[in-house]
Amino acid sequence: MVTSPARYRPGPLLALLLAWVLLSTTQPPAHAAPAAVASAHPLATAAGEAVLAQGGNAFDAAVAVSAALAVVEPYASGLGGGGFFLLHRASDGLELMVDARETAPMAARPERFRAADGSLDPKASLLGGRAAAIPGLPAGLDHLARRYGRLPLATSLGPALRLAHEGFPVDARLLSAITFRQELLRADATLAARFLIDGRVPELGARLHQPELAATLEALAATGAPSFYQGPRAQRMIDAVRAAGGWWEAADLSSYAVREREAQHFTYHGASITCASLPSAGGLSLAQALQILERFPVASLAPAERAHRVIEALRRAYQDRARYLGDPDFVQPPAWLARADYAQQRAASVDLARATPSAQLDAAPTFHEGDNTTHLSVVDAQGNRVAATLSVNFPFGAVLLAGDTGVLLNNEMDDFSLDPTARNAYGLAGSVANLVGPGRRPLSSMTPAFVEDARGVLVLGTPGGSRIISMVLLGILDFVDGGKDGLERVVSAPRFHHQFLPDRVEYEPEGFGPEWVRALEAKGHVVQVGRRRWGNMQAVFWDRATGEAQAYSDPRGKAGLLF
Ligand code: DON
C-alpha cells in the first residue's frame with residue numbers, strides 16, 4: 001500500500017535512520033571502522049550496521065541487508081527470488097558459496113514454453129506463473145543464520161520486518177522501476193493496491209507499506225524456512241502460480257534446498273581471487289578472461305588498446321560460457337576450461353590489430369538475462385566477509401504476487417535456454433548445457449567476488465545481467481593494476497562489454513570519447529552505446545595495514561541512474 005508523502009510521519013527511530021541515510025549517501029564516513037557494509041539502498045545498509053552493532057557477525061548482517069533489500073528494492077531481489085552468497089569465515093579460513101539460486105519446478109520442460117502453433121512464446125518465461133522458478137532466498141537466509149550467524153534469524157530479520165510494517169519513502173530507483181512496469185502493475189488489482197496510488201505511479205517520497213510481506217517475514221522469523229516452503233503459505237503460493245498458468249507443486253517447494261559449493265579460485269598478477277562458481281558462470285568466465293589478459297601488459301596500454309584486449313578476452317570467455325556452462329548438478333564443464341594451457345591457446349588467437357569476428361571463433365550459442373538484481377558486500381571486525389548478489393531477474397520479476405503472501409515472484413526461468421537452436425525474443429540463441437529441465441538451476445552471471453593482495457581484501461559485486469562478469473572484471477583490473485587510485489575507480493570507472501554474441505561492444509557514453517570509439521572501430525569492432533544503465537556495484541575494502549574497512553557504492557546507483 002502506498003500513501004502520499006503529505007501523510008508521511010516518520011517515527012523517532014525512522015527519523016534518526018533517515019537522517020543517517022541522508023548523511024551517509026552524501027558524505028564518506030568521517031573515520032573508517034573495522035567493519036563496513038555496502039548495499040544498493042541506505043536503509044538496507046543501515047539494517048546491516050544495526051545488526052553488527054547488536055553483536056551480529058558479517059553473516060547476520062548479510063541476512064539483515066538481504067531481507068531489508070527485499071522490502072526496499074522489491075523490484076530487484078526478494079523472498080520470491082534467489083542469489084549467491086560468497087562467504088569467508090575468519091576463525092578457520094573457510095571459504096564457500098551458498099547457492100540459493102532458484103530452481104525449475106519438476107514440471108518444467110522446453111515444450112511448455114511454446115505457443116499452440118509450436119513457436120516459442122516469448123512472454124512465457126518472462127511474465128506470470130510459467131516464468132517463476134522455486135525461490136531460494138528464504139532458505140538461504142535461514143541457512144546463513146543457523147549455520148554461520150551469531151544471532152537468531154528473528155533478530156536479523158527485525159529491521160526488514162519494521163520496514164515492511166512501518167513503510168519507507170519511495171526513492172528515485174523504485175519510482176523508475178514502478179514507472180517501467182506500470183501497465184502490468186495496473187492490470188493486477190493486488191499489485192496495483194501495493195505499488196500504485198489510485199492506479200497511478202506514486203510520487204517521490206510517498207510511503208510504501210507491505211503488510212502481507214511483513215506477515216511472511218514474521219513467519220520466517222518465527223519458524224524459519226519451513227514457514228515458506230511447507231504448509232498453508234506454500235499452498236497459497238502454489239495456488240497463485242497455478243492460477244497464473246504455472247505448474248508448481250507442493251513437492252517443488254518442500255524439496256527446495258540451498259547447496260553449499262566450493263567457490264572458484266584463481267590468481268591474477270599475484271592477487272588471489274575467490275568468486276562465484278557454477279551455476280553462476282561468473283567464476284569460470286572471469287578466470288578464463290583474466291588468465292588471457294595476464295598474457296598482455298594491459299595496465300600500461302593506451303585506453304583503446306587495453307579495451308581491445310579486454311574485449312577479445314571477454315569474447316572468448318563468453319563463447320565458452322554459452323557452449324559449456326549450465327547447472328553443475330546436471331552438466332559438467334570440460335575440466336580444461338580454466339587451465340593455463342587453454343588460456344595460452346585462447347590468448348594466442350587474439351589479433352592485436354583486429355577484432356576477431358565472433359562468427360570466426362567457431363559458432364556457438366548464447367543466452368540472455370534480465371535487467372535487475374542487487375549486490376551487498378560486508379566485512380565485520382573479526383574479518384568475516386560476505387559478498388552476495390541477489391535477484392528476481394527483471395524489474396518486479398514475473399510481475400506476479402504470490403497470493404496474499406506479499407512475495408513477488410522471480411522470472412528467473414528466462415535465464416534458461418528454452419530451445420537449444422532457436423533465437424529468443426532478443427535475437428539470441430539458446431544452448432544445450434543450459435536447457436530448461438525439471439529441478440535444474442538456470443545459469444547465472446551473478447559474480448560476488450573477493451580479491452586479495454598485499455594491500456588487503458576487496459569484497460565486490462554488481463547487478464547488470466550478462467554484463468555483470470565484464471563489470472566485475474573491469475573492477476578487478478582497476479583494483480589490481482590501478483594501485484591506490486584504482487580502489488576509487490572500482491565502482492565508478494566507465495564500463496564497456498562484449499559477450500561474444502551479438503558481436504558488438506557496448507559502452508557507457510559518458511565514459512569514453514570519440515577517439516576511443518574510432519580506435520576500436522579501426523580494429524574492426526562494432527561499437528555501440530549500451531541500451532541499459534550500468535552498475536550498481538557495491539564494494540568494501542579491508543585495509544591490511546590499518547585493519548579498517550571502507551564501503552564504496554556505485555555513484556550511478558546513488559544518483560538513481562539505473563533504469
Ligand atoms: O542470474 C543472472 O545472471 C540474472 N538473473 C541477473 C539479472 C541482472 O543482474 C539484471 N541486472 N540489472
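The values are calculated or read from the model by the stated rules, or taken from the named source; none is laboratory data. Note that the structure is a prediction, hence the values are computed from the model and not measured. Using ideal geometry, Cβ is built from the backbone for each residue, glycine included, and neighbour counts are taken over all protein chains shown. In case anyone asks, the SASA skips ligands and DNA or RNA and just uses the protein heavy atoms, side chains included. Shrake-Rupley method; radii C 1.70, N 1.55, O 1.52, S 1.80 Å.
Per-atom-type breakdown for the chain gives carbon and sulfur 56% of the accessible area (1.4 Å probe, protein chains only).
Annotation: peptides 191-198, 549-556, 89-96, ranked by per-residue average of other Cβ atoms within 10 Å with the highest first, follow the order 549-556, 191-198, 89-96.
Annotation: lysines with alpha-carbon distance below 30 angstrom to Lys484 (same-chain offsets under eight excluded): Lys558.
Among 321-330, 75-84, 380-389, the peptide with the highest mean count of other Cβ atoms within 10 Å heads the list, and the full ranking is 75-84, 380-389, 321-330. Each part reduced to its alpha carbon centroid, region 145-180 and region 82-130 end up 22 Å apart. Expressed to the nearest 5 percent, the antiparallel share of DSSP beta bridges inside the chain is 95 percent. Reducing region 434-509 and region 216-282 to their Cα centroids gives an inter-centroid distance of 23 Å. Entry comment: accessible area of region 194-246 is 41 Å² per residue, from protein heavy atoms only and a probe of 1.4 Å. Largest first, the three principal axis extents of the alpha carbons in region 263-317 are 34, 24, 14 Å in whole numbers. Sequence-distant contacts, meaning Cα pairs under 8 Å at least 6 residues apart, place the relative contact order of region 179-337 at 11 percent.
A crude spin-label estimate for the pair Lys123 and Arg200, with each label 7 Å from Cα along the Cβ direction, gives 2.7 nm.
In this structure, the amide hydrogen of Leu301, modeled 1.01 Å from its nitrogen in the peptide plane, lies closer than 5 angstrom to no residue at least 5 positions away or on a different chain. Relative contact order for the chain: 21 percent, from Cα pairs under 8 Å spaced at least 6 residues apart, divided by residue count. Over the Cα atoms of region 63-152, each weighted equally, I'd like the Debye log10 I(q)/I(0) at q = 0.13, 0.18, 0.20 Å⁻¹, rounded to two decimals. Those come out to -0.57, -0.86, -0.97, one per q.
Note on the chain: Rg/Rh from Cα positions, Kirkwood definition for Rh, rounded to two decimals, is 0.95. Each residue, Gln235 and Gln528, gets one label point 7 Å from its Cα in the Cβ direction; the gap between the two is 5.0 nm.
In sequence order, region 316-324 has phi-based couplings of 6, 5, 6, 5, 5, 4, 5, 7, 10 Hz under the Karplus curve 6.51 cos²θ - 1.76 cosθ + 1.60, θ = phi - 60°, and Gly or Pro positions carry x. For the peptides 243-255, 473-485, 152-164, residues were scored by their other Cβ atoms within 10 Å and the scores averaged per peptide; the highest-first order is 152-164, 473-485, 243-255.
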